[in-house]
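Since the structure comes first, as structure tokens, the remarks are kept for the end.
The values are calculated or read from the model by the stated rules, or taken from the named source; none is laboratory data. This is a predicted model, so every value here is computed, not measured. Ideal geometry is used to build each Cβ from the backbone, glycine not excepted, and the neighbour counts take in all protein chains shown.
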């Protein structure tokens with residue numbers, strides 16, 4: 001009878017350990033799942049933010065290229081002379097400027 005009681009107690013102990021282990025594993029899986037879900041949401045936000053920043057960087061690069069082109073043109077004497085004649089009505093020696101009304 002004593003052997004039967006001890007083997008029943010041993011089986012109860014094993015079942016209790018298995019239940020505790022099952023609860024621990026379930027809790028770990030739930031925690032891992034929530035963490036993964038949260039990280040996926042954060043990753044999606046960061047991808048959207050990266051896309052916006054890349055578009056902004058492309059726009060800035062285009063603007064920078066345009067400004068470099070303008071600087072190179074402003075270093076050209078012929079272009080500066082053209083602007084001076086057009087905007088400030090300056091003329092070359094012996095040249096006469098006639099202003100006509102814009103329509």
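Some notes on this structure:
- Test: residue in the range 87-98 that is loosely packed, with under 10 Cβ neighbours inside 10 Å and either part of a helix (DSSP H, G or I) or at pLDDT 95 or above (or both): yes
- So residue 45, is it part of a helix (DSSP H, G or I), out of contact with any strand residue (DSSP E or B) (no Cβ under 8 Å at 6 or more places or on another chain) and modelled with pLDDT of 95 or more: yes
- Filter pass, residue 13 being assigned to a helix (DSSP H, G or I), at pLDDT 90 or above and either within 34 Å of the chain's Cα centre (by Cα) or surrounded by 10 or more Cβ atoms within 10 Å (Cβ to Cβ) (or both): no
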